[in-house]
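Every number in this text was worked out from the coordinates using simple rules, so none of it is lab data. Quantities reported herein were computed from a predicted structural model and do not represent experimental measurements. Cβ placement follows ideal geometry from the backbone for every residue including glycine, while neighbour counts extend to all protein chains displayed.
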Amino acid sequence: MKIFLDTADFDAIIERTRTGIIAGVTTNPTLVRKQGVPYRDLIAQLCDESFGFESVSAEVNGHTAEELLEDAENYIGLGEAVTIKLPLHKEGLIACKELSGRGVKTNVTLCFSAAQAAVTALSGATYVSPFVGRMNDNSCSGVELVRAISGLYCTQGQKTQILAASLRDVHHVARCLLYGANVVTLPVSVFDKMYNHVLTDAGLNIFEQDFAQLSK
């Protein structure tokens with residue numbers, strides 16, 4: 001059970017790593033564009049060994065396997081945490097098979113069916129990213145997709161890790177972990193809510209009042 005942050009906000013990542021429970025970071029062009037930072041520089045910063053991340057996803061661009069592999073070369077040498085993020089289509093899976101054969105970590109993204117997850121595992125991907133929230137947006141259960149992929153992988157003995165993505169609330173985070181996700185990648189706002197609960201706050205308020213009345 002692992003938590004990644006899904007953001008390109010470097011300062012926000014630094015602050016959350018203080019918890020000691022962040023195992024990696026996922027990014028995409030949209031997140032990086034919003035921050036207005038050079039993409040490669042951000043990946044290089046996050047791959048610094050002092051963070052100890054197991055995975056930093058760098059999404060690559062291209063229409064063909066050759067183009068995807070060429071772009072991947074811009075990131076592969078940045079550190080052991082680098083994980084090349086590839087699209088889930090034929091060319092992306094060809095590139096995934098090549099990179100996996102070379103020992104490069106891969107994250108195949110935009111998964112919306114168990115069949116897609118099956119071919120992703122056969123391509124040797126390190127991670128497959130089902131988009132839970134986007135499934136829900138289209139009147140399908142993203143959590144059930146995670147459960148289906150988990151069942152498939154367990155039955156077939158596949159090693160590809162399920163990286164549940166597009167998570168928008170704490171409830172779905174817990175459900176995805178319950179149903180077999182190895183990793184959940186979260187926006188900072190969702191991660192910050194995971195350790196909060198109104199009943200915890202109420203209990204702490206009572207304890208504080210009682211502490212104040214204890215004799216010294």
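See the values below:
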read-out: Answer from ASP6, ASP71 - the residue that is among the acidic types (Asp, Glu), in contact with a strand residue (DSSP E or B) (Cβ under 8 Å, 6 or more places away or on another chain) and under 24 Å from GLN116 (Cα atoms); value: ASP6
read-out: Number of the exception - ARG168 against (1) touching a residue at least 24 places away in the same chain (Cβ under 8 Å); (2) within 22 Å of ILE3 (Cα to Cα); (3) buried (at least 18 other Cβ atoms within 10 Å of the Cβ); value: (3)
read-out: Residue match in segment 98-107 (condition: in contact with a helix residue (DSSP H, G or I) (Cβ under 6 Å, 6 or more places away or on another chain), closer than 14 Å to ILE162 by Cα and surrounded by 14 or more Cβ atoms within 10 Å (Cβ to Cβ)); value: yes
read-out: Test: VAL32 is over 20 Å from VAL190 (Cα atoms) and either hydrophobic (A, V, I, L, M, F, W, C) or surrounded by 15 or more Cβ atoms within 10 Å (Cβ to Cβ) (or both); value: no
read-out: Strands (runs of 3 or more DSSP E) lying entirely in segment 1-87 (those with 2 or more residues that are among the β-branched types (Val, Ile, Thr)); value: 22-26, 82-87
read-out: Filtered residue count, segment 146-176, keeping only those that are farther than 20 Å from THR120 by Cβ and of a type outside the set (Lys, Arg); value: 6
read-out: Search result, residues across segment 110-132 that are within 22 Å of ASP169 (Cα to Cα) and in contact with a strand residue (DSSP E or B) (Cβ under 8 Å, 6 or more places away or on another chain); value: LEU110, CYS111, PHE112, TYR127, VAL128, SER129, PRO130, PHE131, VAL132
read-out: Per-region count, segment 88-102, residues assigned to a loop (DSSP other than H, G, I, E, B) and of a type in the set (Ser, Thr, Tyr); value: 0
read-out: The lone exception for PRO187 - which of (1) under 25 Å from ILE14 (Cβ atoms); (2) buried (at least 20 other Cβ atoms within 10 Å of the Cβ); (3) in contact with a Ser or Thr (Cβ under 8 Å, 6 or more places away or on another chain) it fails; value: (2)
read-out: Pick from segment 128-142, criterion of a type in the set (A, V, I, L, M, F, W, C) and within 9 Å of ALA165 (Cα to Cα), ranking: surrounded by the fewest Cβ atoms within 10 Å (Cβ to Cβ); value: PHE131
read-out: Residues (over 22 Å from VAL25 (Cβ atoms) and either under 12 Å from the mean Cα position of the chain (by Cα) or in a helix (DSSP H, G or I) (or both)) located in segment 150-192; value: SER150, GLY151, LEU152, TYR153, CYS154, THR155, GLN156, HIS171, ARG175, LEU178
read-out: Pick from segment 50-83, criterion under 16 Å from VAL108 (Cβ atoms) and among the charged types (D, E, K, R), ranking: surrounded by the most Cβ atoms within 10 Å (Cβ to Cβ); value: GLU59
read-out: Close pairs from segment 118-140: first touching a residue at least 40 places away in the same chain (Cβ under 8 Å), partner of a type in the set (D, E, K, R), Cβ under 9 Å, at least 6 apart; value: THR126/LYS105; THR126/LYS159; TYR127/LYS85; TYR127/LYS105; SER129/LYS85; VAL132/ARG168; VAL132/ARG175
